[in-house]
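Contents: one structure, followed by commentary.
Coordinate-derived values only; no laboratory data. Owing to the predicted nature of the structure, the values given are computational and were not obtained by experimental measurement. Positions of Cβ are generated from backbone atoms using ideal geometry, with glycine treated the same way; all protein chains shown enter the neighbour counts.
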Amino acid sequence: MSKVCIVFDRLRTEEKMLQKEALDLGHDAVMLDAKITQINTDNRKDDFDLGDVVLERCVSYFRGLHFTASLEFLDVPVLNKFEVANVCGNKMFMTLLLKKHNVPTPRTYFSFSSQSALENIEKVGYPLVIKPVIGSWGRGVMPLKDRDTTDAIFEIREITDSPHDRIYYLQEMINRPPRDIRVITIDDRPIAAMYRKSTGGFKTNIALGADPELCEITKEMEDMAAKASQAMGGGILGIDMMEDEKKGLVVHEVNNTVEFKGLARVSKQNIPKEMIEFALQYVRK
Ligand SMILES: Nc1ncnc2c1ncn2[C@@H]1O[C@H](COP(=O)(O)OP(=O)(O)O)[C@@H](O)[C@H]1O
Ligand SMILES: [Mg+2]
């Protein structure tokens, strides 16, 4: 019998599903609350009940990333690896890696001051999309269609203290149907996919109320998802794609701690089961 440790900060349906699948498969599962766990430089692996492999599932990206660093310090196998979490958590690093690995991705512009971002916009024109380099659930992702909106958004950024607000990540607005595609990959292998259909707004995040609808994984999606996963360093990932009117499929995001509640509702695959099986096979390798 093996033991899986699920690290969380808020117990969502996903974490409970993972725990249940581990138990149903005849393994042991421990739930570890990152918020009340203390680690010091003299700690050893055996000071904790971490099982054979850890699934890091914190909602807070920074909490999860730093917790992962301490687990790797203790030489505990953790999914996803620190390096993978690190690049997926920052949209700029992620976009650069996708492009470097020849994964089709929207054209993205990086500037390091509001003045320089404005100069770039004068050159490339509207419409654009601005995104915080760190963030999820569509928070802070905004369409930029004119100078007035841009000035307002940039002015707010100027008066905040967030270091990440100094980084201007602007992207071409993709002409697409009112949906995007989420592919879950495990070890570079797509296991399930859904369309996320907007219920009105510009963004298609499930967290914002988009409807999940099963999506047949085409060969093109499969290849693209595998390549995007490899570019990040593998593990358990959520690859997001849009259907550009002219360019075809483009990958706009790779998610590190993937939510799968919506997809589990419509998919025939047992997603949490596949994740647990992979985690255990990962430590046996
Ligand atoms: N370049 C773009 N063109 C059109 N729509 C976009 C673009 N980038 C993002 N979106 C929409 O906004 C949503 C959120 O953007 P995303 O980059 O996935 O950020 P988050 O990490 O917050 O989910 C996407 O799911 C998509 O619906
Ligand atoms: Mg997204």
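Beyond 27 Å between alpha-carbons counts as too far, so tell me which of Lys91/Lys247; Lys3/Lys99; Lys100/Lys145; Lys100/Lys247 fall in that bin.
Lys3/Lys99; Lys100/Lys145
Looking at Leu118, Met173, Leu74, which one has the Cα that reaches farthest to the positive end of the dipole of the chain (charges on Cβ: Lys, Arg +1; Asp, Glu -1)?
Of the candidates, Met173 comes out farthest on the positive side.
Report the one residue of Thr160, Val133, Pro104 whose Cα lies farthest in the direction of the positive end of the charge dipole of the chain (charges on C-beta: Lys and Arg +1, Asp and Glu -1; origin at the Cα centre).
Among Thr160, Val133, Pro104, the one farthest towards the positive end of the dipole of the chain is Pro104.
So who's got an amide H within less than 5 Å of the one on Asp244, skipping anything under 5 residues away but keeping other chains? H placed 1.01 Å off N, in plane.
Counting only residues 5 or more places away or on other chains, the set is Leu249, Val250.
Please give the peptides 257-265, 43-51, 109-117 ranked by average Cβ packing (other Cβ atoms within 10 Å per residue), highest first, as a rough proxy for protection.
257-265, 109-117, 43-51
Once the Cα atoms of the stretch 1-151 are picked out, what are the Rg and Dmax in Å?
20.2, 62
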